[in-house]
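One structure is given below, encoded as C-alpha cells.
The values are calculated or read from the model by the stated rules, or taken from the named source; none is laboratory data. None of these values were measured; they are calculated from a predicted model. Using ideal geometry, Cβ is built from the backbone for each residue, glycine included, and neighbour counts are taken over all protein chains shown. Only protein heavy atoms, including side chains, enter the accessible area calculation; ligands, DNA and RNA are left aside. Shrake-Rupley method; radii C 1.70, N 1.55, O 1.52, S 1.80 Å.
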Amino acid sequence: QGLSIMSELRSLALAAAGGAAVALALVWLGRRAQSCKPYSGSFERCLSADEQCQQSVLGSASLLADSAALASLLPRIRRLPLQQKIKGSSAGIRLVVLVASGKGGVGKSSVATNFAFVLSQEIGASVGLVDADVYGPSLPSLIPVSGLQKSDGADKIEPLQHRGVKLMSFGFLRPGESAPVRGPIATGIIQSMLTNTNWGELDVLVLDMPPGTGDVHLTVSQSVKVDAAVIVTTANELSLVDVAKGIDMFEKVGIPSACILENMSYFGCRCGIKTPLFTPPEESGAALAHAGGIAYAHLPFEPTLSASTVSGVPFPFVCDPRNRGSMWYWSLLGAADLALREILVTVESREEPAQVVWSARQGKVVVILPSRRLEYHLAPRKLRLACRCAQCVDEFSGRPVLDPASIPQGVSPVVVEETGNYARTVVWTDGHSSIFSLGILLQAAEDFGDCVSSGPGLNVSQPRRRVNIASA
C-alpha cells in the first residue's frame, strides 16, 4: 500500500505544477492515509520472516551464479596479449575500458569505481583505475587514501593501491586543490598521469572520464588504444540525448560502445516490485541501446551507496560484505558480466588494423590493409595537401586555406606513428604535423593512390578497387 501511495503521489506531482499542486497532493495523501490500514514496520520488512529467508537463499544462489559466470571470463582476458596501449608508456595492458557519460550527476564515477573493484575481487584480475576528471576529481572522495611516492631509481609515480586496485587521480597529486586551467593544460595533466604512472602489468585499465565530449576525450582517444566504452546514464531525456552524442563521438575516433548502463533506473523493493524513477522502459536507455545494437543493463536506486566512504565502513560499496546481498550488487555483477563479454567479443573479432609506413626507397606512403590483402601507394606531397587540420582547412566552412604553392615538391614524412585506434600522425619535413583518420587515408588512397596486391605479385599494378571506408 505504501508503494501504491508513493506511485500515485508521484503521478499526481508530475501531472501538476506549482504550490497549489503541492497543497492538493498533501490533502489527497491525508485522505488516502485515513482510508488505509496502518502500515506497521518499514518498507525493508514488507515480507514475512519465512519469505525473507526464502528470498535470501534464492538471492545468494543467484549471486554465486553471477559471480562464477564473471570469474569464468578471466582466462579469456589473460589470453589477450600484453600491449603498450598508452602512448609513451611501457606498461603492459590487456584491456582498456573507458567509462563515460553525457551528463554529470548520473553516478558514473561510483559505477566506474565499483566496476573496477568488482573485476578485481570477483574474478581476480589485476586492475588499474584512472580518474580523468581534472576539474572535479571524484576518486579521492570515493577512495579516501593518500601517500603517492616516486618509484625507486625512476622518474615514475607509484600509483596508490586499495584492496589490490591501482589508483591515480589529479586529486591524489594535488589534494584539496582546484584546477582552474585551460583545455591544453588539462589534457597535458591527463597525459602525464597516464604515462608517468608505474602501472606495471594490468589485465584491465578502467578510465573514469569527465562528463561530455571535450578536449580530454579527444586526447585520450589519440594517446590510448581504448578497447571499448561503457556509457552510464539515467533514464531521463536530457541524459539520453547526450548519450547519443557521446556514442557518435566515440564511433568517430574508433572506440566501440559496448554497453549502455542505466543507473538509478528504478526503486527495487524486497517484495520484487520495481518502480521506474524516470521514464517508462520504452523511452529509456533500453530503446536507445536497441536502436544502436548496443548491450543494455540497468542498476536500481541504492540510497546507501553514498555512505560507502563513511569512517569505519569498508569502501567502495562492493567491498563491504554487508552489501553483497543487495539488489545493486547483484545488478552490478550482471552488468559487469554483460559489458565484459561484449568487450571481449569486440576485441577477439577485431580485424588487424591498417598499417601506414613511409617507404623512402619507393618514395611513397604505403597503406596496408592486412585482412583485405590490399596495399596502396600514395605520393607524399599529395597526402600533405590532403591534410584537414585547422591550419589547412577552415573548420566552419570546410574551405581549404592552405596555399599549395607553399608546400615543397620534395616534402616527405619524418615520422609516421599510431594515434589511438582511429588515426595516424605524420610529421613532415616542412615542420607540419598532420593527424589523418584511417577513413581519410583510405579515401586519399582511392582518390590519388595506386592499389597493388599485398600477396604474390607485390608491386604489380592492379585496377583500383573501392574499399568500404567505414568498416576499414
Taking segment 103-208, which GluC sites (Glu not before Pro) meet the DSSP loop condition and have no more than 16 other C-beta atoms within 10 Å?
GLU177
Classify segment 78-161 as rounded, prolate or oblate, taking a ≥ b ≥ c as the square roots of the eigenvalues of its Cα gyration tensor: rounded when a/c is under 1.5, otherwise prolate if a/b is larger than b/c and oblate if not.
oblate
Within a Cβ distance under 13 Å of VAL401, other residues only, what is the Lys/Arg minus Asp/Glu net charge?
-1
Name the trypsin sites (Lys or Arg not before Pro) in segment 327-412 that are in a loop by DSSP and that have at most 11 other C-beta atoms within 10 Å, would you?
ARG361, ARG373
From the phi angles alone, apply the Karplus equation (6.51, -1.76, 1.60; θ = phi - 60°) to segment 395-407 and give each ³J(HN,Hα) in whole Hz, x where the residue is Gly or Pro.
5, 8, 9, x, 7, x, 10, 7, 8, x, 5, 7, 9
Rounded if a/c is under 1.5, else prolate if a/b is larger than b/c, else oblate: which is segment 347-404, with a ≥ b ≥ c the root eigenvalues of its Cα gyration tensor?
oblate
May I ask you to order 160-166, 231-237, 71-77 by the average number of other C-beta atoms within 10 Å around their residues, highest value first?
231-237, 160-166, 71-77
Once the other residues with Cβ under 13 Å from the Cβ of LYS108 are scored (Lys, Arg +1; Asp, Glu -1), what is the net sum?
-4
Give the carbon-plus-sulfur fraction of the accessible surface of segment 342-414 in %, rounded to a whole number; probe 1.4 Å, heavy atoms of protein chains only.
51 percent
Suppose we keep just the alpha-carbon trace of segment 145-218; what are its Rg and Dmax in angstrom?
13.1, 39
Quick one: work out the % antiparallel among DSSP beta bridges in segment 135-259, nearest 5.
60 percent
Using the Cα atoms of segment 384-440 to build a convex hull, what is its mean projected area in square nanometres?
4.1 nm²
Cα-Cα separations in segment 303-426 greater than 25 Å, expressed as whole percent:
57 percent
Towards the positive end of the charge dipole of segment 229-355, with charges on Cβ (+1 Lys, Arg; -1 Asp, Glu), say which of VAL253, VAL232, PRO316 has the farthest Cα.
PRO316
Quick one: of LYS156/LYS225; LYS85/LYS108; LYS87/LYS252; LYS166/LYS225; LYS156/LYS252, which pairs are farther than 28 Å apart, Cα to Cα?
LYS156/LYS252
Whole-number accessible area per residue in Å² for segment 177-258, which is evaluated in the context of all protein chains at 1.4 Å
37 Å²
If amide H atoms are modeled at 1.01 Å from N in the peptide plane, then the residues at a separation of 5 or more from LEU299, or on another chain, having amide H under 5 Å from its own are GLU262, ASN263, MET264, SER265
